Amino acid sequence: MAIKHFLQFNDFTRDELDHVFARTRWIKQQFKTYQQYWPLTDRTLVMIFEKASTRTRLSFEAGIQQLGGSAIYLNTRDSQLGRGEPVEDAGQVISRMSDIVMIRTFEQEVIQRFAANSRVPVINGLTNEYHPCQILADIYTYIEHRGPIQGKTVAWIGDSNNVCNTWLQAAEVFDFNVHVSTPPGYEVEPERAGLYGTDHYEEFADPMEAARGADLVTTDVWTSMGFEAENEERRRDFADWQVDADMMKVAAKDALFMHCLPAHRGEEVAAEVIDGPQSVVWDEAENRLHVQKALMEYLLLGKVK
Ligand code: CP
Ligand code: NVA
């Protein structure tokens, strides 16, 4: 049987995602009540980071340990990955010594080539194109606070980056709508986003119009990792794409605010919003831990319970 990977959001069906969320609820409950749950005893997760991370490393490393397994951290600087060893060779070798692999890298193509040569499941921990684990946590967080996301409207304000692309894929799987507002020149590229169509999102020139009536308002940094050379230009181009209190006022009355973090207060989000009552960013960050534990359980053990 083909090995199951999680390289982009729509690698999983709605049924599989519902299962992962049901397991997340149970696994989170075990964690909160100090119940030991060690289904992955003796399993080893290798984490490969070609870009920086706080949350992703922490949540995967803590997560596998809490499930009874262990984690090994590799980065470009200290491994042969940074000295030009072909990614196909790395996939062959690393997957013979581990049970599951998480990779954070640049082009999506890199992770696809690794996965094609891997004997074990591979998880995307962020690429230039996608951040599927983040949106697992975000949708789980939305459901926890507000119930089903189907039919709801998510406003995406800012760059059409990896996190945005993943929201757009998720909208197709869960049947909700995304109102996207980017500055001119930074619009969604449906093919790069890996979309089946354009039915689940709408683009707005004015960010206030994108936010109007939205059930969830979300944004991300103006400059993603790997694009630092564009920083100054982006600061100018994105100056009017800040989620502030006026923007939250035009959203639905009970709208939530999310940000994958790290955030830049005073740039893509005003401090009064991210630190305000509608913000659920800390729950969102914590849920990375719980959803990824359920994800690893599913990839390694299939549908348990
Ligand atoms: N949101 C997120 O992936 O955070 P890190 O870059 O800290 O892992
Ligand atoms: N879009 C951001 C997300 C960081 C978690 C980046 O790629 O840098």
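Here, each number is a calculation from the coordinates, and none is a lab measurement. Small disclaimer: the values here were computed from a predicted structure and weren't measured. Cβ: placed from backbone, ideal geometry, glycine included. Neighbour counts: every protein chain shown.
Details
- Cα long-axis angle, helix 87-96 against the chain (0 to 90 degrees, to the nearest 10): 50
- The distance from the alpha carbon centre of the range 170-206 to that of the range 45-63 is 28 Å, rounded to a whole number.
- Rg/Rh for the range 1-125, where both radii come from Cα atoms and Rh is the Kirkwood radius: 0.97
- Inverse of mean 1/r across different Cα pairs in the range 145-188, Kirkwood, Å: 10.9
- Per the Debye formula on identical point scatterers at the alpha carbon atoms of the range 144-300, with no solvent, log10 I(q)/I(0) at q = 0.08, 0.09, 0.12 Å⁻¹ is -0.22, -0.28, -0.50.
- Straightening the chain between THR13 and THR76 buys 19.4 nm, computed as 0.36 nm per residue apart minus the Cα-Cα spacing.
- Taking the C-alpha atoms only, the angle from helix 281-301 to the longest principal axis of the chain is near 30 degrees.
- Share of Cα-Cα pairs in the range 75-206 lying beyond 23 Å, as whole percent: 43
- Cα gyration tensor shape for the range 106-183, rounded if a/c is under 1.5, else prolate or oblate: oblate
- LYS253/TYR37 FRET efficiency (R0 45 Å; Cβ-Cβ; nearest 0.05): 0.70
- Relative contact order (%) - criterion: Cα under 8 Å, at least six apart; region: the range 1-147: 27
- In sequence order, the range 218-232 has phi-based couplings of 9, 8, 7, 3, 6, 10, 7, 4, x, 10, 4, 4, 8, 3, 5 Hz under the Karplus curve 6.51 cos²θ - 1.76 cosθ + 1.60, θ = phi - 60°, and Gly or Pro positions carry x.
- Annotation: amide H-H contacts under 5 Å for LEU256 (H modelled 1.01 Å from N, sequence separation of 5 or more, or interchain): LEU216, VAL217.
- Note that the range 196-253 shows a convex hull volume over its alpha carbon atoms of 118 Å³ per residue.
- Helix axis angle, 162-174 relative to the chain longest principal axis, alpha carbon, degrees: 90
- Distance from the C-alpha centroid of the range 128-166 to that of the range 236-263: 14 Å, rounded to the whole angstrom.
- Legend: Rg and Dmax of the chain, from Cα coordinates, 18.8, 53 Å.
- Across LYS152/LYS293; LYS4/LYS249; LYS249/LYS305; LYS249/LYS303; LYS152/LYS305, pairs whose alpha-carbon gap is larger than 32 Å: LYS4/LYS249; LYS249/LYS305; LYS249/LYS303
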